[in-house]
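S.K.: If you scroll down you'll find the structure; I have some questions about it.
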Amino acid sequence: MSPTSDLDDPTKTCVYLPKPSSPSNNTRSIQVRAPKRRLNHGYDVQLEAYEVAWSRCLKRVQAVVRELQAPIVSAVKTSIDDAYSKDVLTGLPYTELPVVAVSAPGGSRSVISDVVALLEPRRTREGLQRGEESTQGKGKARMVEEDDEPTQTHSLVAHIRPGDCSNISNAMRAIILGFVDRHGEEEDGLVVQLPVATKRRPATSLAMFDIVLLKTWYRALSQLNPQPPQLVVVLHNFEQLDPSVMQDVFYICSKNIPHLPLVFLLDSSAPSTMTNLHAAYSRATIALLRVSVHTTPSGLDLANSVIEKVFFDPDFEPDVVLGFAALDFMAEFSSRHTASLDAILTMLQIIHIRHFESPLTSFVRGFDSEAALQETATRIRQTSSFSLIDSLLTRLWGESAPDGLSKELPEYLKGIPWSDLSLEALLSLLNSARNDFCKRAAHLRLGYQLVRVVQRFMRAQGYKTSPSVNGQEDSELTFMSRTMRGRVGRDVKHLALMVRKLHDNQLNALLGEMYSLFFRLQNTEVRQSETGAREFLVQARANITPQNATLPEDIHEAKKASAMGPSVSEWFLSYVEDRLTTLDQQPLWEIWSTGVTTFPSELINPAPRITMVNALLHPSDVVKAHRTLYASSELWELPDTSILFKRYMEAGRLINVYDLYESFAVVLETQKEKRAVPATPKRSEKGKKKIAEEDEEPQIDDEEKWTLEVHARFMRALHELDYMGFVKHTGRKPDHIFKTVYDVPD
Amino acid sequence: MEQGYEDAISHITSLISTYPPPFIYIHDPATPHLAALAVRASLDRLRESSDIRIRYAAVDAISCFNPRLLYDTVLNALAEWEPEWDQGCSNWSGPSEQRFNESLDGFLHGLQAVQASFMSPNGQIDGKGKARENTVTDEDIRLVILVERAERLKESMHDILVPLSRLRELSRTEVTLILLSDVSWEHIKPPLGAAPDPYYIDIGPLSKQAILRRLEVLFPTFHDTQVPGDQTYDPALRPLYAHFVSTLYGICSPYITDPNELAYIAASQWPGFVRPILDEHERRVDEHQQARMEEEDGIEPHGEEEVFVELRPPTEDVRIRLMRLFTPLITAALDTLYPRLSFANAWAKANVPPTNLLSIPPRQLPSIPIHKLEDQDSQATLKSLPRMAKFILVASFIASNNPAKTDMRMFGRGRDERKKRRGGSPRKMSAKSTAVKIPQRQLGPMAFPLDRMVAILGVLLEENDADYRPPAPEYTIPGEYTEMEISRITVFSQVMELSASHLLYRTSPHDRLEMSPTFKCGIGFDAALGLARDIAVPLHDLLWDPV
């Protein structure tokens, strides 16, 4: 959707207006400000690396979301298909109009488009036509082709958007023309045969908004097709549709079913569509409908599973690992403010952008071949980015052994003379560091998953899984963040203790689940490295004899803790402790992990009003944040609007505009004097007198001019405040204004 | 379809077949949709009979939302003309190929043309295949226009209401207009006596017998049941159905008497109700089969012989047991299904009784669990809200229920508060005054400006949220964090989101920008209390008028 159409959409609380940029790439302008320690064109390289990493992450998120929504999509499809067959209850006094509502809190529209794609498989099959059809815009229905199986229900789809439904005739016209008005070229290769378009004379034919027109068309359609299709009407942004119009639409359509097999598909963004329907529509209208609601996964659960599947899945290796600071912020933001998919994506993107600000991140993907390494080396040589090399060197050795006691030098650094190192060798060292990091990260992900398997199992058995702080268990995001911090020792020990106490049947089930985790690994490398674990699990399972408790003594026996419990528990503890290591111990770790970088929360959750008030009160501080402009901040040195605002803040609730002007003028006087001071001493005493004598009249002119200028500046400042919403006019006292802001923390 | 409407129908039938008045108004305040069905059925019957020749058009004022649609629909129906797609969906245009839908004048001409073609058998109308041999006089033919939901004519076509009511005299045809509505003519009729008085027919509410007869008629015949082998609506169960609907009527009649609604509840309950009987029947079939197997033990069975055990209606005793078991379920269904908090098919699926209920001894019978579907939905919605949304909802509940002037007393913290307290409590004042003050919670929520709610939100956050905040060392002044928090974008976008999902109602128009927008709280006391408990806010202490 283009930003201009976003502006008309009242569901959007924020709209991004892209800067109308000239084709000359704006990365250049950023590059000018780039600090020195970079490759030449360093910013470009970083941005490229960012783009690669972010698009991988985005793709993964999309795939995960799609996977999570797949059951909903197929359920919606089934509801639509069964709308006039299986779902109809026998013995009802009248046929209900089937309405399938898809409630996607947070406004994710992808379910609807997936369902429509399922109903319109041709569009995905023939990619060429997709482009053509999508340009045809709203209100147009598209032909649907189903597979050739005779059992499948065919559907035709019409799309209705809030703009189509300003009144009942427009709404009916949009629905009817959505089906009836189609053109010849769409008919090619379709299972459903469309009636040939005939020329209707507007005066003597049925009106465009007459449902009889649709009936006539459908009769012709049924004659052509032995199994006539269902008519699906998609109501986009259902909450925005006018209920007074829609209730008539529902009434008219319900009068004509089941001869016209109409199905309404609602695209709703409210968390509870039924509550919403009841609030907006009368009982009589709802009684005509049969609503089935499908709620897409949303909120905290969605956030948790998306992050887990993207950053903690053993089969996916993200380019950048989220550090605990980022995870903390995401956990906090999604539980406190909103956990919509949009918010998560925005946060992830900002995290990525921030991460790639550091120049070393241009090496984030390492070098997959010798040629790539050589190329980078040449580029560094050409541009002589020595500071970069310097920092690489310091990081490699400096971080590896800061005190020489606590940490050992990594394997790949041992015996390498750091003083005379070729550039290529340095870069290949970097590659080794990356491999080392990736290995550890993969281990961490696997360890985390194993802990989660045990946690889920224990929860399913009805046990509490973590020694919680205040009676509430941590959310998954918080747990992830603690994993990254390396502070899950207590949880793991607690789990190991629980494993020890499981009885045979439970242990057997748990081992089965653990095994399936290793069994399902897609990544062959990881799979091979975990052969030991798999073997242990198989062995342990073989040692357990599942009990079939039928006799009372058997039941008692079965309740006993398993003999294998301790060994499984020990293995679990050692396995997990071995793998859940923190990732910030390795050299150069901050290239691949966002680490301790806190999230710039002001970017996603700003406080515009207070920021504006503060900017008006302390403009120099704001400016200073970018450039040093003002040395000090005396009142007279401030810009006009700020001066007026300070005066405004000092006043009471109701301000006399003239008083405000007077106080403003006083400051301007001071400003004039102070600014004039440096100029006066230069003039000779004599000359000054002379001027004074000669130009008495011009001086009066000057004063008048000055008064006018003060007037003008006052008016401008006042209007600026008015524009920003700080001034409320009163009807009673025309020369007074109300304040709108009080008691601002200065 | 005429059960309960016999009197009115015979009235109308005799009127139409003898000397039809030009304008009839049928007023049925209770069940106009059923009255319409009955009138239509009687008109159909009249058409079938050979005494008089009648054509009628039944339209409803919602479907025909503008004059052109009304003209088209009426003329096509009177001419018994069905538009064809192949012929460009053209309307009936009479022998002279005229256009009749342009204006009222055209419509009047259309009526004349319809009557003319009706009279002459050589006209273009396809007279249902029956060639009328002898020409007929004016008196033998009737044109009837039935308009349902006539109350809507007042909004959509108020300017042609007067000509419609004098249609016979304007068109000089034998047309009769019947308006049918649940609103009386007094509320619809054009001002200044412009329209003539109609012939009034008032229909009273249906009697109990009529309603029960209607419900019994709705028992689907054998052909209607779709799934073969499904015995839910077996004809043998018809007597039981009669008892069932009469019990249902007994339970529901204090609240609803609309036969359609009763039938709706009956349809949702019946499959569950007969399940035990069908289970029992199946058990008997199995037993029978086994007995036969044992009889034929050793002997070669005679191929695939179908064992036929007749489905027997249950005994009086079983029926009473079932009724007693299902009464709470029917009450619950009434509570849920009448306001359509859930729908019949979902209810029928969710509330299937445990299998083989009848094989359990009567004394050990458990009560059937009731699955109300709607509650979990709305509660889960509220539970899953983000923390800030919960705070906002509680703050708006307080803002909607406390009078604005009490805010300082309830939330003022600091010196100002004590100063104000000296003024005395308004509760005493209200005790003195003669007018009884109705508590706010019974009056419904008040509208409040956004600023006020945000201020209350600030107090709630400051007092109840401080422990849950992430550390923020940059805020040093007490209250600064809260001050920042309540002016952040997410608070406002949350308010917009909540109002989109109708948990808050926006009472000021969207396009008014110059003032603080006003809202109303959309949740009830119980929901607010639940939310307040979630975020540990002592809601009772913060309400001016606690329950």
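The values are calculated or read from the model by the stated rules, or taken from the named source; none is laboratory data. The model shown is predicted, which means the values in this text are computed figures rather than measured ones. Ideal geometry is used to build each Cβ from the backbone, glycine not excepted, and the neighbour counts take in all protein chains shown. When the accessible area is computed, the model is the full protein with side chains, heavy atoms only, and any ligands, DNA or RNA have been set aside. Shrake-Rupley method; radii C 1.70, N 1.55, O 1.52, S 1.80 Å.
S.K.: Taking the Cα-to-Cβ direction at A:ALA70 and at B:ARG324 and moving 7 Å from each Cα, how far apart do the two end points lie in nm?
M.R.: 5.3 nm
S.K.: Return the value, in Å² to the nearest 100, of accessible area buried between chains A and B (probe 1.4 Å, both sides summed). The partial results should precede the final answer.
M.R.: Numbers: alone 40160 and 30790 Å², together 64920 Å².
Roughly 6000 Å² of accessible surface disappears when A and B pair.
S.K.: Something else now. Just to verify a number: FRET efficiency for B:GLN209 and B:ARG238, C-beta to C-beta distance, R0 = 22 Å, to 0.05?
M.R.: Details: r = 17 Å, r/R0 = 0.79.
According to the calculation, E is roughly 0.80.
S.K.: Counting only protein heavy atoms and a 1.4 Å probe, tell me what percentage of region A:212-365's accessible area is made up of carbon and sulfur. Walk me through the numbers on the way to the answer.
M.R.: Details: 2280 of 4320 Å².
C and S fraction of accessible area: 53 percent.
S.K.: Give A:LYS59/A:LYS309; A:LYS215/B:LYS349; B:LYS383/B:LYS437; A:LYS672/A:LYS705; A:LYS646/A:LYS672 a once-over and call out the pairs whose C-alpha atoms are over 24 Å from each other.
M.R.: Pairs exceeding 24 Å: A:LYS215/B:LYS349; B:LYS383/B:LYS437.
S.K.: Residue by residue through A:334-343, how many Cβ atoms from other chains fall within 10 Å of the Cβ on average? Spell out each step's value before the answer.
M.R.: Values: counts 1, 4, 13, 10, 8, 2, 2, 0, 0, 2.
Counting other chains' Cβ atoms within 10 Å and averaging over A:334-343 gives 4.
S.K.: Can you send over the solvent-accessible area of A:THR598, 1.4 Å probe, protein chains only, in Å² to the nearest 10?
M.R.: 100 Å²
S.K.: Still on this structure, I have one more. So in chain B, what percent of DSSP beta bridges are antiparallel if you round to the nearest 5? Write out the running numbers ahead of the final one.
M.R.: Details: 5 of 27 bridges.
Approximately 20 percent, going by the DSSP bridge assignments.
S.K.: Counting only other chains, and only Cβ atoms inside 10 Å, what mean value do you get across the residues of A:284-295?
M.R.: Numbers: counts 2, 1, 4, 9, 1, 2, 5, 4, 3, 4, 0, 3.
That average works out to 3.
S.K.: Using label points projected 7 Å from each Cα along Cα→Cβ, tell me how many nm separate A:ASP735 and A:GLU634, to one decimal.
M.R.: The modelled label-to-label distance comes out at 3.2 nm.
S.K.: Quick one: grab the alpha carbon gyration tensor of region A:430-541, order the square roots of its eigenvalues as a ≥ b ≥ c, and give me rounded if a/c is under 1.5, else prolate or oblate depending on whether a/b is larger than b/c.
M.R.: oblate
S.K.: Rounded, prolate or oblate for chain B? Axes are the square roots of the Cα gyration tensor eigenvalues, ordered a ≥ b ≥ c, and the cut-off for rounded is a/c under 1.5. Mind dumping the intermediate values first?
M.R.: Working: a/c = 2.55, a/b = 1.31, b/c = 1.95.
Cα axes put chain B in the oblate bin.
S.K.: Rounded if a/c is under 1.5, else prolate if a/b is larger than b/c, else oblate: which is region B:385-542, with a ≥ b ≥ c the root eigenvalues of its Cα gyration tensor? Display every interim value, and only then the final one.
M.R.: Details: a/c = 1.66, a/b = 1.22, b/c = 1.37.
Oblate shape, in that a/c is at least 1.5 and b/c is the bigger or equal ratio.
S.K.: If you don't mind, another one. Full extension from B:VAL183 to B:ILE489: what is 0.36 nm times the residue separation minus their Cα-Cα distance, to one decimal in nm? Don't skip to the end; give the middle numbers.
M.R.: On the way: separation 306, 0.36 × 306 = 110.16 nm, distance 4.93 nm.
So the chain would gain 105.2 nm between B:VAL183 and B:ILE489.
S.K.: Say R0 is 25 Å: what FRET efficiency, to the nearest 0.05, do A:ASP315 and A:GLU535 get from their beta-carbon distance? Could the numbers behind the result be given before it?
M.R.: Working: r = 21 Å, r/R0 = 0.83.
The pair A:ASP315/A:GLU535 has a calculated efficiency of 0.75.
S.K.: Extension gain A:GLU709-A:LYS560, at 0.36 nm per residue separation less the Cα-Cα distance, in nm?
M.R.: Working: separation 149, 0.36 × 149 = 53.64 nm, distance 9.35 nm.
Between A:GLU709 and A:LYS560, full extension yields an extra 44.3 nm.
S.K.: Same structure, new question: Pop a pseudo-label 7 angstrom from the Cα along the beta-carbon direction at both B:ALA472 and B:ASP140 and give the gap in nm to one decimal.
M.R.: Roughly 9.1 nm, to one decimal.
S.K.: Given R₀ = 41 Å, what would the calculated FRET efficiency be for A:SER422 paired with A:SER574, taking r from the Cβ atoms and rounding to 0.05? Walk me through the intermediate numbers first.
M.R.: Values: r = 41 Å, r/R0 = 1.01.
E(calc), rounded to 0.05, equals 0.50.
S.K.: May I pose another question? Please give me the summed charge of the neighbours of B:ILE203: other residues whose Cβ is under 9 Å from its Cβ, Lys and Arg +1, Asp and Glu -1.
M.R.: Surrounding charge for B:ILE203 is -3.
S.K.: Expressed in nm to one decimal, what extension gain is obtained for the pair A:ASP584 and A:GLU513 from 0.36 nm per residue of sequence separation less their Cα-Cα distance? Please report the intermediate quantities before stating the final value.
M.R.: On the way: separation 71, 0.36 × 71 = 25.56 nm, distance 3.08 nm.
Value of the extension gain: 22.5 nm.
S.K.: In deg cm²/dmol and to the nearest 500, what is the mean residue ellipticity at 222 nm of chain B if only DSSP H runs of at least 4 residues count, each as -39500 (n - 2.57), divided by the residue total?
M.R.: Details: 24 runs with 262 residues, N = 547.
It lands at -14500 deg cm²/dmol.
S.K.: Then there is this: Skipping prolines and chain starts, which residues have an amide H placed within reach, meaning under 5 Å, of the one on A:LEU289, given they are 5 or more residues away or on another chain?
M.R.: A:LEU97
S.K.: Also: Which order, highest average first, do A:252-262, B:71-81, A:62-72 follow once you tally other Cβ atoms within 10 Å for each residue and take the mean per peptide? If you can, show how the numbers build up before the last one.
M.R.: Details: A:252-262: 18.4, B:71-81: 22.5, A:62-72: 15.7.
Going by the mean number of other Cβ atoms within 10 Å, highest first, we get B:71-81, A:252-262, A:62-72.
S.K.: Of all the Cα-Cα pairs you can form in region B:6-205, what percent are over 24 Å apart? Kindly include the intermediate steps, with their values, before the conclusion.
M.R.: Details: 7522 of 19900 pairs.
Summing the P(r) of region B:6-205 above 24 Å gives 38 percent of all pairs.
S.K.: Please list, in order, the residues from region B:268-287 whose amide nitrogen is less than 13 Å from a point placed 7 Å along the Cα→Cβ vector of B:VAL309.
M.R.: What the label zone holds, given the 13 Å backbone N cut-off, is B:277-287.
S.K.: Write down the Å³ per residue value for the convex hull defined by the alpha carbon atoms of region A:569-661.
M.R.: Values: hull volume 19.0 nm³, N = 93.
Hull volume normalised by residue count: 204 Å³.
S.K.: Which residues does the label zone of B:ILE360 cover in region B:308-324, counting backbone N under 18 Å from a point 7 Å along Cα→Cβ?
M.R.: Answer for region B:308-324: B:318-324.
S.K.: Hey, got the average number of other protein chain Cβ atoms within 10 angstrom for residues in A:200-209? Let's see the in-between values first.
M.R.: Numbers: counts 6, 5, 0, 5, 13, 8, 11, 9, 0, 4.
Per residue, the average neighbour count from other chains is 6.
S.K.: Calculate how large, on average over all directions, the projected area of the Cα convex hull of region B:153-256 is; give the answer in nm² to one decimal.
M.R.: Numbers: hull surface 45.6 nm².
The orientation-averaged projected area of the Cα hull of region B:153-256 comes to 11.4 nm².
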